[in-house]
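Take a look at the structure below.
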Amino acid sequence: MRDRGVIYTGLLVFLGIITFPMWHDWAAGTTSRGPDPVLPAQEKQCVAPLSTMRTSHMQLLMDWRDGVVRRNVHTYTAFNGRNFNMSLTGTCLTGCHTNKADFCDRCHNYAGVAVYCWDCHVDPKLARRSAK
Amino acid sequence: MKALSSLALVVALAALAFFLGRVEPLRVVLGVIIPYVAIAIFLAGVSYKVIVWSLSPVPFRIPTSCGQQKSLSWIKAGWLENPHSTPGVVARMALEVLLFRSLFRNTKAELREGPRLIYGERRFLWLGALAFHWSFLVIFVRHLRFFIEPVPRLVMVLDRLDSFFQVGIPLLYITDVTIVAALLYLLLRRLRDPQVRYISLFADYFALFLILGLALSGVWMRYFARIDVVAVKQLAIGLVTFSPIVPREVTSLFLVHLILLSTLLAYFPFSKLMHMGGIFLSPTRNLANNNRRKRHVNPWDYPVPVHPYQEWEAEFHDKIAAAGLPLEK
Ligand code: HEM
C-alpha cells in the first residue's frame with residue numbers, strides 16, 4: 001500500500017526513541033564508572049556506616065531536622081558512640097564534606113536529583129567566600 | 001480463578017528473582033543476560049508485528065464513523081468525525097492516541113425494573129485508562145535519568161513537576177500515586193462486575209498484575225526499602241553501553257524490578273499490549289473517508305470473464321422476441 005512508507009518511518013522513529021540512551025551514551029562516551037564523589041581527607045568514618053549512608057542519607061537528614069526543629073534534640077549519637085551536632089551545614093558540610101560541589105553535587109547530578117534543600121540552606125564555603 | 005492464577009504467576013516471578021538474586025553467580029543472569037534477551041525479543045517482536053500488519057491489503061476506506069461525510073458544499077461535513085483529508089485524520093488520530101477520545105464515549109446498557117433498558121455514560125473507564133497510561137509515560141521518561149549521563153534537561157524538569165508537592169523525602173512522585181490507584185481501579189473493574197469478569201481472560205489480569213508488580217516494586221525501593229541508586233545507574237549504563245556490570249551494592253530487590261520489566265518486555269509483542277502500535281494502524285481511525293471522491297482501485301484485481309446484458313440479449317434475441325418481451329435492439 002501507499003502507506004507502507006509512513007508505517008516504516010513510524011516504526012523506525014519508535015525504535016530510535018527506545019534505543020536513544022544507547023546512541024546518546026555512545027556519542028557522549030559515557031561509561032559505567034560512577035560519579036566518584038571526593039571523600040573527606042581528615043575523617044575515615046561517616047555518622048553512619050557507608051552502606052546506610054549510600055542508600056538512606058536523606059532520611060537521616062530528615063530525622064536530624066525533625067529532631068532539631070520539632071523535638072529540640074541537637075545531639076546525635078552515632079553507631080560507634082561518637083556524638084554529633086545535628087546540623088546539615090554545621091556538621092556535614094563544615095566538619096567533613098567541605099567540598100559540596102565535588103561530593104553531594106556530583107552524585108546528585110549523576111542520579112538526576114534536584115535537591116531542594118539548597119533553596120534555604122547555604123553551602124558554608126560559598127557563604128565564607130562572599131563574606132570576604 | 002484466572003485472576004488468582006495470573007497473580008500467582010507474577011508473585012512467583014518476583015519471588016524467584018528475589019531469591020535467585022542472592023546467589024552470586026546468578027546475579028549476572030538476572031541482571032544482564034535476561035534483560036538483554038528480553039529487550040532483543042521486544043525490539044524484534046514489535047518490528048515483526050508491525051511489518052506483518054503493514055503487509056495487509058487495505059483496498060478501500062472503512063467509514064464507520066458518526067460524522068457527516070464530505071459531499072455537496074451546502075451539506076456541513078464532520079471534518080473531525082469523518083475526515084476527508086490528511087489533516088483531519090491526523091487530528092482524529094492525535095485525539096485518540098493522546099486523550100482516548102472513543103473511550104470517552106463509553107456507554108453502559110442496564111436492564112432496570114419494568115423492564116426498561118437504560119443507557120448511561122461510563123466515564124470512569126476512560127479516566128482510569130488515561131490516568132494509568134499518562135503516569136506510565138511520565139515514569140518511563142523519568143527513568144531515563146538512570147540510562148543517560150549527563151541527565152537531559154527535560155527529564156529533570158519532568159522530575160521537578162512530578163514531585164511538585166515536595167511531600168516527604170525522597171520526594172513523593174504524583175505519578176506513583178496515580179499509577180497504583182489507576183491500576184487498582186482497572187483491576188477492580190474487572191473483578192466487580194460479573195459480566196466484565198466473565199469476558200476477562202488470563203491475559204487481561206496478567207498484564208495488570210505484571211505492571212502493578214513493577215510499579216509496586218519500584219515504590220517499595222524508593223519509599224520503603226531504599227536502594228543504592230548510584231549503583232543501579234552504573235548497572236543501567238553498563239547495559240546500554242554494552243559493558244555490563246552488576247555492582248555488589250545492587251540488591252536482589254532491584255533484580256525483582258528488573259525481572260518483572262524483562263517479563264513485560266518479552267511478553268509485550270505477543271500480547272494485547274501491542275495495541276500501543278496497533279492503535280496507529282486502526283483502519284477505522286487512520287483512513288480518510290474519501291471513498292466517493294477518489295477512485296480506489298482494488299490492488300489485486302485480475303481479469304474476470306463477464307457476460308454483459310448486450311451479449312446476453314444478442315444470445316437470446318429470438319427467444320425474447322418470440323415471447324413478446326421488449327428488446328433494446
Ligand atoms: C517501563 C517500565 C518501568 C516501570 C513502569 C517502572 C516503575 C517504577 C516505579 C513506579 C517506581 C517508583 C519511583 C518512581 O516513580 O521513580 C520505580 C522506581 C525505580 N525503578 Fe523502575 N520502572 C520501570 C523500569 C525500570 C528500569 C528499566 C530500571 C533499570 C534501571 C528501573 C529502575 C528503578 C529504580 C532504581 C527505582 C528506584 C528509584 C529511587 O529510589 O528513586 N525501573 N520504577
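The values are calculated or read from the model by the stated rules, or taken from the named source; none is laboratory data. What you see is a predicted model, and the numbers here were worked out from it, not measured in a lab. Neighbour counts run over all protein chains shown; Cβ positions are idealised from the backbone, glycine included. Accessible surface areas use protein heavy atoms only, side chains included; no ligands, DNA or RNA. Shrake-Rupley method; radii C 1.70, N 1.55, O 1.52, S 1.80 Å.
Listed conditions (1) charged (D, E, K, R); (2) touching a Phe, Trp or Tyr at 6+ places or on another chain (Cβ under 8 Å); (3) within 14 Å of chain A (Cβ to nearest Cβ) are all met by B:ARG123, apart from (3). No other residue among A:ALA41, A:ALA48 is within 19 Å of B:ILE169 (Cβ to Cβ) and not in a helix (DSSP H, G or I) apart from A:ALA48.
Looking across A:TYR116, A:TYR110, one residue alone is aromatic (Phe, Trp, Tyr), within 28 Å of B:GLN234 (Cβ to Cβ) and without any contact (Cβ under 8 Å) to a residue 24 or more places away in the chain. It is A:TYR116.
Within the bounds of segment B:107-124, is there any residue that is assigned to a helix (DSSP H, G or I) and open to solvent by 70 Å² or more (accessible area, probe 1.4 Å)? There is at least one residue in segment B:107-124 that is assigned to a helix (DSSP H, G or I) and open to solvent by 70 Å² or more (accessible area, probe 1.4 Å).
Of all the residues that make up segment A:39-51, how many are surrounded by fewer than 12 Cβ atoms within 10 Å (Cβ to Cβ) and within 17 Å of the chain's Cα centre (by Cα)? The qualifying residues number 2.
Among the criteria (1) open to solvent by 50 Å² or more (accessible area, probe 1.4 Å); (2) not in a helix (DSSP H, G or I), the one A:PHE84 does not fulfil is (1). The set of residues in segment B:187-220 being within 16 Å of the ligand (Cβ to nearest atom) and β-branched (Val, Ile, Thr) consists of B:ILE211, B:VAL219.
When B:SER252, B:SER271 are checked against the criterion of being in contact (Cβ under 8 Å) with a residue 60 or more places away in the chain and within 25 Å of the chain's Cα centre (by Cα), B:SER271 stands alone in meeting it. The residue list A:ARG54, A:ARG106, A:ARG33, A:ARG65 contains one member that is within 14 Å of another protein chain (Cβ to nearest Cβ), closer than 30 Å to B:ARG145 by Cβ, within 16 Å of the ligand (Cβ to nearest atom) and open to solvent by 50 Å² or more (accessible area, probe 1.4 Å), which is A:ARG54.
For B:ALA94, state whether it is closer than 30 Å to B:LEU214 by Cα, exposed (fewer than 13 other Cβ atoms within 10 Å of the Cβ) and either within 16 Å of the ligand (Cβ to nearest atom) or acidic (Asp, Glu) (or both). The answer is no for B:ALA94. From B:ILE75, B:ILE34, grab the single residue that is at pLDDT 90 or above, in a helix (DSSP H, G or I) and either of a type in the set (Ser, Thr, Tyr) or open to solvent by 40 Å² or more (accessible area, probe 1.4 Å) (or both). After applying the criteria, what remains is B:ILE34.
Going by the conditions given, is B:ILE139 outside any helix (DSSP H, G or I), within 12 Å of the ligand (Cβ to nearest atom), within 14 Å of chain A (Cβ to nearest Cβ) and in contact with a helix residue (DSSP H, G or I) (Cβ under 8 Å, 6 or more places away or on another chain)? No; evaluated as a whole, the condition is false for this residue. Answer yes if at least one residue in segment B:235-245 is in contact with a Gly (Cβ under 8 Å, 6 or more places away or on another chain), in contact (Cβ under 8 Å) with a residue 60 or more places away in the chain and under 20 Å from B:ILE139 (Cβ atoms), and no otherwise. Among the residues of segment B:235-245, at least one is in contact with a Gly (Cβ under 8 Å, 6 or more places away or on another chain), in contact (Cβ under 8 Å) with a residue 60 or more places away in the chain and under 20 Å from B:ILE139 (Cβ atoms), which makes the answer yes.
Of the residues making up segment B:170-185, just one is at the interface with chain A (Cβ under 9 Å from one of its Cβ atoms) and surrounded by fewer than 18 Cβ atoms within 10 Å (Cβ to Cβ), namely B:PRO170. Looking at segment B:262-280, can you tell me whether even one residue there is among the polar types (S, T, N, Q), open to solvent by less than 50 Å² (accessible area, probe 1.4 Å) and closer than 30 Å to B:ARG92 by Cβ? Yes: segment B:262-280 contains one or more residues that are among the polar types (S, T, N, Q), open to solvent by less than 50 Å² (accessible area, probe 1.4 Å) and closer than 30 Å to B:ARG92 by Cβ. When segment B:150-186 is filtered for residues that are charged (D, E, K, R) and within 12 Å of the ligand (Cβ to nearest atom), the ones remaining, listed by number, are B:ASP159, B:ASP162, B:ASP176. B:TRP134 passes every criterion in (1) away from every other protein chain (no Cβ under 14 Å); (2) within 16 Å of the ligand (Cβ to nearest atom); (3) touching a Leu at 6+ places or on another chain (Cβ under 7 Å) apart from (3).
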